[in-house]
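J.: First, the structure itself, so that you have it in front of you.
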Amino acid sequence: MRTLTRVSATVAALLSLATAAQAQSANINATAVVYQAMTVTGARALDFGNVFPGVAKSIAVAAATSGRFDLTGQASANVNLTFTLPTNLTSGANNLPIGTWTGCTNATNTTTGCTTFTPSGSATASAFSGTGNLFVWVGGTVTPAANQAAGTYNGTVTLTAAYF
Amino acid sequence: MLRCACLLLLALLGPLPLLGQTQVVGIRDLNFGPVIRGVPNAVAPTDPVRSGQFYVRHRIGGSVQLRFTLPTRLTRVGGGGNLPISFATTDAVAQGTAGSSVPVTFNPNATQTFNLVTSADFNIRLGGRVSPAANQATGSYRGTVTLNVTFF
Amino acid sequence: MTLRRFFLPVVALLAGTQVLAAQGVVVAPHAVYLDHRTRSAAITLYNPGAEPVEVSISAFYAYPVTDSLGQFTLETPDSVTAGMPSAAAWIRAFPRIMTVPPLARQTVRLLAQPPAGLPDGEYWSLVLIAAKGGSLPVSAGDTAGISVGLTLEVRTIIPLTYRKGAVVTGLALSGLHATPAGDSLAIRVHAERQGSAAYIGTARGALRDAAGKVVGSFSEPVAIYYQAEPTFAIARQGLPAGRYQLTVEFTNERTDLMPEQLLKGPPVRDSLEVTLP
């Protein structure tokens, strides 16, 4: 009897040990480092559409088909804008002269009240807005010759934006 | 006779979870690394470097109930802002340490119970997603992920 | 549920991120700092567009100065001589050329391999990130006629600073003056760097009326590598004629840079009495 009691007590203890829920916890950290970024994107191509031989065509910065770059960066920070501009557009072996570049910058995405400048290989000093935005428009003039060959003429406008 | 009875019981019950055998350990932080303002950044639970990791040890045949306490925002070190953080339904993966164990994806936002069949211990890897605002203050952000485990 | 079950997690990274109809890359951070102990840093590139972007990384030596109008511009020496603190020749980018898929990010590691015996000090470079993406859409031309369209490419330049040993910075101000210019008050001050490192901080100015009330102000990030005479502007529209007190302060505070990257120095201030017509 005494032995049985002892055995029962041991069984009860073991069962208790086996079935009692235990709770534990542990922690890890979740970490992130947020950086200021600088974004320079070509947002809209400079599109002259169709042109006619012997008739020059200009696209103003305020036109719906002017070229547009969108920049974001540190609020109020200085930024230099430098352009690499073609003198000719090409269609195969044919050239089409382009020039008389015009430019404009603004803190918001509208050319109304924008600050005009002449895009060139020399730096133009500008600055991000108080909210870190800058919009840059580019226009120009193409001058097809009277005997300009038909075709699709392409070129590239490159904007280099320097933050320091 | 008493000794025989105890041995018989031990054999019937199998290996018991001695108090020192259950274990929950935080192994690796969930590290989002560099985050760009305005650009959401996600870490997959399968990411071998940036995912968070816990280690849980119990016994084969036992059960564990897992419940995370997840932050909804990380706090900027030094003050000055919060960074929203979220966890998707597939952001947690558990895998036993036995060679035959396969990963199990589960929802870290809900309580989960696992029966340990092939492994007595397993790792849990946790992914997540931070969503910095466009004007998010730059700097380091930190929060705490807690894994609460109940052993049965 | 048991650990036998198999389920491959599928996490759509960046799901929901807006795709931009533009080409270019996001670059972060916008200023890179390395030290002689770790000799490495990383920049993250992110392509927000719908087309892959080809990216190339290069380094060159230049530093900001101010022009005759007080605007910041880059001074690029014709050649880099031994006395110039240029890091450009020994900064390497890995990878140097890459394609970043749409809505994807790419980490570029910058490693410094300075020459043996490099003296203590601060060394500078600029990092140029050139991005060339898919062409932006132009109108379909008349196949029998002449159609013209130009696509846009972008290059981003960010500063890189390499520090070896103890470096200090400071600033000395002189020649503060203010001149009415249109609807603004143009403020210029000569700032000369002190110590052995560029002065990176913020310039703040305040214009106070006779009662001490702030009627105009400015706050701009500045980087004085050697010396500069920057121009700042405070709007003067609506300000009555009279005498005002102008104060200018430069501090090493910047909200866009990590505090540990900024060298600390005491604030420098100057002030001036201004008479508006």
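J.: Over the alpha carbons of chain C, what is the largest minus smallest coordinate on each principal axis, giving the biggest first in Å?
T.: Cα spread of chain C along its principal axes, largest to smallest: 76, 61, 57 Å.
J.: Hey, got the dipole for chain C? About the Cα centre, +1 on K and R Cβ, -1 on D and E Cβ, debye to the nearest 20? Write out the running numbers ahead of the final one.
T.: Numbers: 22 positive and 21 negative charges, 212 e Å.
Roughly 1020 debye for chain C.
J.: Which of the lysines could be linked to C:Lys264 by a straight reach, that is with a Cα gap under 26 Å, when you skip same-chain ones fewer than 8 residues away?
T.: Filter leaves C:Lys164.
J.: For segment C:185-244 and segment C:96-133, what is the separation of their C-alpha centers, rounded to whole Å?
T.: Segment C:185-244 and segment C:96-133 have Cα centres spaced 33 Å from each other.
J.: Please list, or write none, the lysines whose alpha carbon is within less than 28 Å of the alpha carbon of C:Lys132, excluding same-chain residues fewer than 8 places away.
T.: Hits, sequence-local ones excluded: A:Lys57.
J.: Partner chain Cβ atoms within 10 Å, averaged over the residues of C:68-76 - can you pull that number for me?
T.: Details: counts 0, 1, 1, 7, 10, 9, 5, 0, 1.
Taking all residues of C:68-76 together, the mean is 4.
J.: Further, regarding this structure: Starting from the Cα gyration tensor of segment C:92-210, take the square roots of the eigenvalues, sort them a ≥ b ≥ c, and report rounded, prolate or oblate (rounded when a/c is under 1.5, otherwise prolate if a/b is larger than b/c, else oblate).
T.: In terms of gyration-tensor shape, oblate.
J.: Still on this structure: Among C:Thr76, A:Cys104, C:Leu257, which residue has its Cα furthest toward the positive end of the charge dipole of the protein assembly as shown, with +1 on Lys/Arg Cβ and -1 on Asp/Glu Cβ?
T.: Of the options given, the answer is C:Leu257.
J.: How big is the Kirkwood radius of the protein assembly as shown, worked out from every pair of different alpha carbons and given in Å to one decimal?
T.: Details: mean 1/r = 0.0354 Å⁻¹.
Mean inverse Cα-Cα distance, inverted, gives 28.3 Å.
J.: Select from C:Gly212, C:Ile200, C:Ala223 the residue farthest towards the positive end of the dipole of segment C:194-257; place +1 on Cβ of Lys and Arg, -1 on Cβ of Asp and Glu, and compute about the Cα centre.
T.: Toward the positive end, the furthest listed residue is C:Gly212.
J.: Another question, if that's okay. For chain A, calculate the relative contact order in percent as a whole number, restricting contacts to Cα pairs under 8 Å that are 6 or more residues apart. Don't skip to the end; give the middle numbers.
T.: On the way: 315 pairs, mean separation 47.3, N = 164.
This gives 29 percent for chain A.
J.: Also, quick follow-up: What is the sum of charges around C:Tyr46, taking Lys and Arg as +1, Asp and Glu as -1, for the other residues whose C-beta is under 13 Å from the C-beta of C:Tyr46?
T.: +2
J.: Same structure again: Am I reading the A/B interface right? What is its buried accessible area, both sides, 1.4 Å probe, to the nearest 100 Å²? Intermediate values should be presented prior to the final figure.
T.: Numbers: alone 10570 and 9050 Å², together 16310 Å².
That pair hides around 3300 Å² of surface in total.
J.: Of all alpha-carbon pairs in segment C:154-253, indicate the percentage at a distance above 19 angstrom.
T.: Across segment C:154-253, Cα pairs with separations above 19 Å total 50 percent.
J.: Right, next: Nearest 100 Å² is fine: how much accessible area is buried between C and A, summed over both sides, with a 1.4 Å probe?
T.: In total, this chain pair buries about 4100 Å².
J.: Sticking with this one: Given a cut-off of under 8 Å on Cα pairs at least six residues apart, what relative contact order in percent is computed for segment C:26-164?
T.: Value for segment C:26-164: 34 percent.
J.: Averaging over all projection directions, find the projected area of the Cα convex hull of chain B and quote it in nm² with one decimal place.
T.: 10.5 nm²
J.: Moving on. Assign unit charges at the C-beta atoms only (+1 for Lys and Arg, -1 for Asp and Glu), then state the dipole size of the protein assembly as shown relative to its Cα centre in Debye, rounded to the nearest 20. Present the calculation step by step, with values, prior to reporting the outcome.
T.: Details: 39 positive and 27 negative charges, 517 e Å.
Using only the charged Cβ atoms, the result is roughly 2480 debye.
J.: What whole-number value in Å² describes the accessible area per residue of chain B for a 1.4 Å probe?
T.: 43 Å²
J.: I'd like the mean, over residues of A:123-130, of how many other protein chain beta carbons sit within 10 Å of each residue's own Cβ.
T.: That works out to 3 on average.
J.: Per residue, what volume in Å³ does the convex hull of the Cα atoms of segment A:39-163 enclose? Write out the running numbers ahead of the final one.
T.: Numbers: hull volume 11.6 nm³, N = 125.
Dividing the Cα hull volume of segment A:39-163 by its residues yields 93 Å³.
J.: Right, something else. What number comes out for the charge environment of B:Val49, summing +1 per Lys or Arg and -1 per Asp or Glu over other residues with Cβ under 15 Å away?
T.: Residues near B:Val49 contribute +3 overall.
J.: Another one. Based on DSSP H runs of at least 4 residues, each adding -39500 (n - 2.57), what is the mean residue ellipticity at 222 nm of chain B after dividing by all its residues, to the nearest 500 deg cm²/dmol?
T.: Numbers: 1 runs with 12 residues, N = 152.
The per-residue figure over chain B is -2500 deg cm²/dmol.
J.: Something else now. Could you state the number of Å between the C-alpha centres of segment A:128-148 and segment B:87-125?
T.: 56 Å
J.: Would you tell me the accessible area of C:Glu122, worked out with a 1.4 angstrom probe on the heavy atoms of the protein chains, in Å² to the nearest 10?
T.: My reading of the accessible area for C:Glu122 is about 10 Å².
J.: Let me ask something else. By how many degrees, 0 to 90 and rounded to 10, does the Cα axis of helix B:2-13 deviate from the longest principal axis of chain B?
T.: Value to nearest ten degrees: 40.
J.: Could you compute the net charge surrounding C:Glu253? Neighbours are other residues with a C-beta less than 15 Å from the C-beta of C:Glu253; K and R count +1, D and E count -1.
T.: It works out to a net charge of 0.
J.: If you don't mind, there's one more thing I want to ask. Need one value for B:132-139: mean number of C-beta atoms belonging to other chains within 10 Å of its residues' C-beta atoms. Walk me through the numbers before you get to the answer.
T.: Values: counts 4, 1, 5, 3, 4, 4, 15, 9.
The mean count of partner-chain Cβ atoms within 10 Å per residue comes to 6.
J.: Using θ = phi - 60° and the Karplus curve 6.51 cos²θ - 1.76 cosθ + 1.60, what whole-Hz ³J(HN,Hα) does each residue of segment C:102-107 get, with Gly and Pro shown as x?
T.: x, 6, 10, 10, 9, 8
J.: Okay, next question. With a 1.4 Å probe and all protein chains left in place, how much accessible area per residue does segment A:40-164 have, in Å²?
T.: Per-residue accessible area for segment A:40-164 comes out at 37 Å².
The values are calculated or read from the model by the stated rules, or taken from the named source; none is laboratory data. No experiment lies behind these values; they were computed from the predicted model shown. Note that each Cβ is placed from the backbone with ideal geometry, even for glycine, and that neighbours are counted across all protein chains shown. These area figures cover heavy atoms from the full protein model, side chains too; ligands, DNA and RNA do not enter into them. Shrake-Rupley method; radii C 1.70, N 1.55, O 1.52, S 1.80 Å.
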